[in-house]
Amino acid sequence: MTSNDAVQNPDIPDTMRAAVLRDTAKGLEVETLRTPRPKAGEVLIKVAACGLCHSDLHVIGGAIAFPLPAVLGHEVTGTIVEVGPGNEHTGLVVGQNVAGGFLMPCGQCDACAEGRDELCGPFFELNRLKGVLYDGATRLATPEGESVAMYSMGGLAEYAVVPSTSVAVVPDSIDMVPAAILGCAAMTGYGAVRRGADLRFGETVAVVATGGVGTNIVQIARAFGASQVIAIDVSDDKLAPMVGYGATAVVNAATHDAREEVLKLTGGKGVDVAFEALGIPATWTTALDVLADGGRMVPIGLGAGVQTAGVEINRTVRRSQRILGSYGARTRQDLPAVVDLAARGVINYKDVVSQCFPLQEAGAGYEALRNRRIQGRAVVDMSL
């Protein structure tokens, strides 16, 4: 054992089940892998639940290149069962329930030193490009020793190693299964409102695309004091619950002209902030179309591969509009804040989760997500 190894818990099994992506033509298949163990500045969690996020679909379908074989899953809850060295000042101990954030800052690069966790260089260069952690190695392998890449912490598994920088302790009052969405859908929504838009009390908001992230933006924007929150989607089923999350109006962009409807609702001005939460050209266009003079458009959705969207140059320049990209949030500051909002009932995380799947049906869950059959968010519940 080296100084980078944890004092191992003998109660942890040598192997575990995980949903592994080996071939984009076949999708996810459950396999037996070695149970990972944490190294310096990491913890091992027994996963309670893992959310199914739309951005995973780009990897599963091959639109975003990622090393294979791999275990995906980047928003988790679980219980700490082993703590690696170098955690003396984190307050993390075995037995704590935690939420894991998808954006795992190294804590040491220039961006992290500035508090810009969302711009962490090693996260992109090592984890997102190579599927490893910050010592250049994955924590996952088959029983025969074949390396398996990690997308974030590789949460679609019974156990996951997570850097200590990207977990937040959750109180006993939190329901661990739906709380899996706190580490991505809710944290990304919080980051968009708090960091990307810097939303001010009384401003008006439109949210284009009301999936898991969009739903959270609706309720977080309302909690931050937006005077109007207009939810826009192409599905009446997805729009139906939005008033319950704080939307003041809903617009179906498939059956109505979104710009005309938003102008009617805002006295002809448009909204101060338009959030785009899907990452396709059509939703980008809608978000810009409903924006007021001097307004901010905050795109959050990730496109499949390299996508582009048109911007009307003269309107953007003459009307002093801004486009402010927002990727996740500042994990170390914002994930605890999101957990606190959930614990106090300020945001409703339970009802956002509409379906639960067992691990062996994770592939079917992603197929339902691809076919727009998931309202809000679905999660893999490890107890099923």
Qualifying residues in the range 275-328 (those that are over 26 Å from ASP117 (Cα atoms) and acidic (Asp, Glu)) - the one least open to solvent (accessible area, probe 1.4 Å): ASP289
Could we say that ALA254 is open to solvent by 10 Å² or more (accessible area, probe 1.4 Å) and in contact (Cβ under 8 Å) with a residue 12 or more places away in the chain here? yes
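From VAL298, VAL338, VAL290, VAL317, grab the single residue that is more than 21 Å from the chain's Cα centre (by Cα), of a type in the set (A, V, I, L, M) and under 22 Å from PHE224 (Cβ atoms).
The unique qualifying residue is VAL290.
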Note on ALA343: of the conditions (1) over 15 Å from the mean Cα position of the chain (by Cα); (2) closer than 28 Å to LEU28 by Cβ; (3) of a type in the set (A, V, I, L, M, F, W, C); (4) open to solvent by 10 Å² or more (accessible area, probe 1.4 Å), unmet is (2)
Taking GLY279 as meeting all but one of (1) part of a loop (DSSP other than H, G, I, E, B); (2) small (Gly, Ala, Ser); (3) within 20 Å of GLN375 (Cα to Cα); (4) modelled with pLDDT of 95 or more, write down the number of the exception. (4)
Taking the condition within 20 Å of ALA209 (Cβ to Cβ), open to solvent by less than 60 Å² (accessible area, probe 1.4 Å) and out of contact with any Lys or Arg (no Cβ under 8 Å at 6 or more places or on another chain), does ASN371 pass? no
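Only residues that are outside any loop (DSSP other than H, G, I, E, B), open to solvent by 20 Å² or more (accessible area, probe 1.4 Å) and hydrophobic (A, V, I, L, M, F, W, C): list them for the range 229-248, please.
VAL243
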If we scan the range 57-75, do we find a residue that is closer than 26 Å to LEU335 by Cα, open to solvent by less than 10 Å² (accessible area, probe 1.4 Å), touching a strand residue (DSSP E or B) at 6+ places or on another chain (Cβ under 8 Å) and assigned to a strand (DSSP E or B)? yes
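The values are calculated or read from the model by the stated rules, or taken from the named source; none is laboratory data. Being a predicted model, the structure only gives us computed values, none of them experimental. We place every Cβ from the backbone using ideal geometry, glycine too, and count neighbours over all the protein chains shown. The accessibility values were calculated without ligands, DNA or RNA, using every heavy atom of the protein model including side chains. Shrake-Rupley method; radii C 1.70, N 1.55, O 1.52, S 1.80 Å.
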